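Participant: Below are the structure tokens for one structure; questions will follow.
Here, each number is a calculation from the coordinates, and none is a lab measurement. Since the structure is predicted, the reported quantities are computational estimates derived from the model, not experimental observations. Reconstructed Cβ throughout: ideal geometry from the backbone, glycine too, with neighbour counts over all protein chains shown.
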Amino acid sequence: MADTSAEPDRRLSGGRLAAAFAVLGVALVGLSVWAGFLVDQTYTGDTRTSDIQAVQSVARRVATNFYSISYQSFDQDTQRVYADLSNTFKDEAVQQLGTSWKQTVVSNQLVSHAVVAASGVINISAKSAEVLVTVKRTSQSTQVKSPVSSWASAQVQLAKTGGRWRVSGMGGLQ
């Protein structure tokens with residue numbers, strides 16, 4: 001008579017053990033690839049978000065500084081503008097504006113203050129970006145005694161060099 005209380009042999013044979021390890025290995029590789037993909041996507045997303053915030057910050061700061069200028073502190077004001085410009089664009093800006101910018105501001109005793117009303121990234125890649133910034137500026141001068149408010153926009157081009165976003169061009173200045 002057969003023993004009915006005997007349990008079946010649950011030990012793995014050599015072939016079954018190898019197959020189990022192969023399946024576990026494939027599953028581990030699959031999970032590692034998937035985890036690597038998620039990490040890469042998270043890094044790319046975080047980097048893109050970080051870059052968007054950085055380009056907007058630089059563009060907003062340069063536009064605000066450009067439109068916030070006073071005859072009383074012209075040299076310090078322009079240094080704030082130039083601080084975020086790439087070397088090439090800074091050289092171009094100094095050459096184009098020359099001494100006429102300072103002469104105009106000082107001779108008219110211009111005092112202007114700007115506040116960013118809106119900004120948006122037009123396009124962005126790993127090395128370049130374009131941001132549109134609109135400011136509301138209030139200014140007065142020897143010709144305009146009472147403060148006058150107006151709107152101004154600047155299209156700011158940026159380039160990433162050495163991990164830092166710098167302004168490489170500006171257009172639409174009014």
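Participant: Using the per-residue mean of other Cβ atoms lying within 10 Å as a proxy for protection, in what order, highest first, do the peptides 88-100, 109-121 fall?
Facilitator: Ranked from most to least packed, the peptides come out as 109-121, 88-100.
Participant: Sticking with this structure for a sec: Taking the Cβ of each residue in 160, 136 as the centre, tally the other Cβ atoms inside 10 Å and list the residues starting with the fewest. Please report the intermediate quantities before stating the final value.
Facilitator: Details: 160 18, 136 15.
Final ranking by Cβ density, sparse to dense: 136, 160.
Participant: For segment 15-171, what is the relative contact order in percent, using Cα pairs closer than 8 Å and at least 6 residues apart in sequence? Intermediate values should be presented prior to the final figure.
Facilitator: Details: 222 pairs, mean separation 33.0, N = 157.
So the answer I get is 21 percent.
Participant: Another one. Along the charge dipole of segment 15-171, which of 161, 141, 67 sits closest to the positive end, that is, farthest toward it, with unit charges on the beta carbon of Lys, Arg, Asp and Glu (+1, +1, -1, -1)?
Facilitator: Of the listed residues, the answer is 141.
Participant: Normalise the Debye intensity by I(0) for segment 74-138, one equal point scatterer per Cα, no solvent, then take log10 at q = 0.26 Å⁻¹ and round to two decimals.
Facilitator: Ignoring solvent entirely, the Cα scatterers give -1.21.
Participant: Semi-axes, largest first, in whole Å: what does sqrt of 5 times each Cα gyration tensor eigenvalue give for segment 15-171?
Facilitator: After scaling each eigenvalue by five and taking roots: 52, 15, 10 Å.
Participant: Quickly rank 126-134, 144-152, 48-56 as a protection proxy: mean count of other C-beta atoms within 10 Å, highest first.
Facilitator: 126-134, 48-56, 144-152
Participant: Please get the size of the charge dipole for segment 112-174, origin at its Cα centre, with Cβ charges of +1 on Lys and Arg and -1 on Asp and Glu, quoted in debye to the nearest 20.
Facilitator: 160
Participant: Moving on. Rounding to the nearest 20 debye, state how big the charge dipole of segment 15-171 is about its Cα centre with +1 on each Lys and Arg Cβ and -1 on each Asp and Glu Cβ.
Facilitator: Dipole size: approximately 180 debye.
Participant: For residue 169, enumerate residues with amide H under 5 Å from its amide H, sequence gap 5+ or separate chain, H modeled in the peptide plane.
Facilitator: 157
Participant: To make sure I understand, if each residue's beta carbon is the centre and we count other beta carbons within 10 Å, what order do 82, 67 fall in, fewest to most?
Facilitator: 82, 67
Participant: Exceeding 23 Å between C-alpha atoms, which entries from my cross-link table qualify? They are 90/127; 102/145; 90/145.
Facilitator: 90/145
Participant: Between residue 106 and residue 52, what FRET efficiency comes out of the Förster formula 1/(1 + (r/R0)^6) with R0 = 41 Å and r the beta carbon distance, rounded to 0.05?
Facilitator: The pair residue 52/residue 106 has a calculated efficiency of 0.65.
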